[in-house]
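A short worksheet on the structure shown next.
The values are calculated or read from the model by the stated rules, or taken from the named source; none is laboratory data. These figures come from a predicted structure and were not determined experimentally. Cβ atoms come from the backbone with ideal geometry, glycine included; neighbour counts cover every protein chain shown. For the accessible areas, the whole protein counts, side chains as well, though only heavy atoms, and no ligand, DNA or RNA atoms are used. Shrake-Rupley method; radii C 1.70, N 1.55, O 1.52, S 1.80 Å.
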Amino acid sequence: MSKKIAVIPGDGIGIEVMNEALKLIEAINEHDSFQIEYDVFDWNSDYYLQTNRMMPKDGLEQLQHYDAILFGAIGDERVPDDITIWEMIMPIRKSFQQYVNFRPIKLLDGIDNPLRHHVNKPIDFVLIRENAEGEYSNAGGRMFEGENRELAIQNSVMTRQGVTQVAEFAFSYANKHGLKKLTNATKSNAIIHSMKFWDQTIESVAEKYPTINYEKYYIDALAAYFVQRPYDFNIVLASNLFGDILSDLGSAIVGGLGISPSANINPEGNYPSMFEPVHGSAPDIAGKGIANPIAQIWSLALMYEQFDRQDIHDKILAGIQNVVSTKKVITPDMGGTATTNEVGDAIINKLYKK
Ligand code: NAI
Ligand code: MG
């Protein structure tokens, strides 16, 4: 069995952590019959400065033929962030209907638990963020610029199909993985049109899954519960904006951006899904060789899971867990002194003992 993927390292530490993921792919190719072939695309801020585009005109068509996309991070002070995001990440997510953003929130053994004073139970849940519509729409505009009556309007767009399909994914994922409870992040007490519709649509999907306990919380209270009792969640389903905020909060309670992975999934498999760390290009540490490669490597593990190789996913995660709990080879963000390269090698050595 083999798959062909597109690799976009991007900018800054994106390039550094991607090197480690590629080393791991090579090691797995060497030891397993499942083969991943890849093509590397240099679409990043340098490319933009040379061509005035983040990717070629036919960039999406080029990517469309791959089985998946492995992405690093983009962002560079020479290019405005809204250009890098809206001309690269957003077109990929939206055109390839990657309407599920999947983020494991799992506290590994050996990670200093920032909530240790009151939480000593395992933290292990999945956050599913609606990734294609909702609050991140460009419906809206500004009027009367510079005048006293100036105003700006930004609309949320929630569609029956959009909300239903992300809810279907979340409930069926819960079902498949034996997760008992699904928590809906909402704000239908204050946002009375779109969020009420969100709740009702999710509830109509929930009825089809009577064995999964369904609950809903307002986003403000839920943010507090993430800190007070994060062990209490199995799967959390959130809109685009709420999910964006909850995923950074979720990442903070399990050890930070250096280890947080994500997947942008097109569940139907009509288009490639994209796997990327939650973090950005980290200009403050780029070029120093000290970025933590775990988020990128964990994102690669999610890709193997999507390719139905749960065993390879589990093996990579066990390798990460082992390196983290031994605490010998960890990067400065986790309190160590190791380099990106050393952590990558240590994980590979755990998988295939040298
Ligand atoms: P960031 O995630 O790049 O960095 C935030 C902080 O976390 C920094 O102190 C950084 O050093 C640290 N950090 C992040 N990843 C790390 C890792 N693997 N190991 C160790 N420390 C790590 O977010 P920031 O600074 O807000 O954005 C920097 C650039 O990245 C911007 O241009 C932004 O637009 C872009 N960005 C791109 C994303 C993407 O490509 N999907 C996502 C988030 C930001
Ligand atoms: Mg974010």
Residues that are away from ligand 1 (no atom under 14 Å from the Cβ), closer than 14 Å to Asn101 by Cα and assigned to a loop (DSSP other than H, G, I, E, B), drawn from region 269-285: Pro272
Top-ranked residue of region 223-242 - restricted to ones that are of a type in the set (S, T, N, Q) and touching a Phe, Trp or Tyr at 6+ places or on another chain (Cβ under 8 Å), ranked as nearest to Tyr209 (Cα to Cα): Asn234
Filter result for Pro277 (within 16 Å of ligand 2 (Cβ to nearest atom), open to solvent by less than 10 Å² (accessible area, probe 1.4 Å) and touching a residue at least 40 places away in the same chain (Cβ under 8 Å)): yes
Region 157-186, residues that are in contact with a Gly (Cβ under 8 Å, 6 or more places away or on another chain) and either open to solvent by 50 Å² or more (accessible area, probe 1.4 Å) or among the charged types (D, E, K, R) (or both): Val157
Matching residues, region 276-296, being within 21 Å of Val329 (Cα to Cα) and within 15 Å of the chain's Cα centre (by Cα): Pro277, His279, Pro293, Ile294, Ala295, Gln296
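Conditions (1) of a type in the set (S, T, N, Q); (2) in contact (Cβ under 8 Å) with a residue 40 or more places away in the chain; (3) away from ligand 1 (no atom under 16 Å from the Cβ); (4) under 26 Å from Ile92 (Cβ atoms), marked per residue:
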site	(1), (2), (3), (4)
Phe242	no, yes, yes, yes
Ile253	no, yes, no, no
Asn266	yes, yes, yes, yes
Ala301	no, yes, no, yes
Phe307	no, yes, yes, yes
Counted residues, region 111-153 - those being more than 22 Å from Gln98 (Cβ to Cβ) and either of a type in the set (S, T, N, Q) or surrounded by 15 or more Cβ atoms within 10 Å (Cβ to Cβ) (or both): 8
Unmet criterion (only one of (1) at pLDDT below 95; (2) part of a helix (DSSP H, G or I); (3) farther than 27 Å from Asn155 by Cβ) for Asp248: (3)
Positions within region 326-349 being more than 16 Å from Ala295 (Cα to Cα), modelled with pLDDT of 95 or more and part of a helix (DSSP H, G or I), in sequence order: Asn349
Residue among Ser188, Ser204 that is outside any loop (DSSP other than H, G, I, E, B), closer than 24 Å to Asp232 by Cα and over 21 Å from the mean Cα position of the chain (by Cα): Ser204
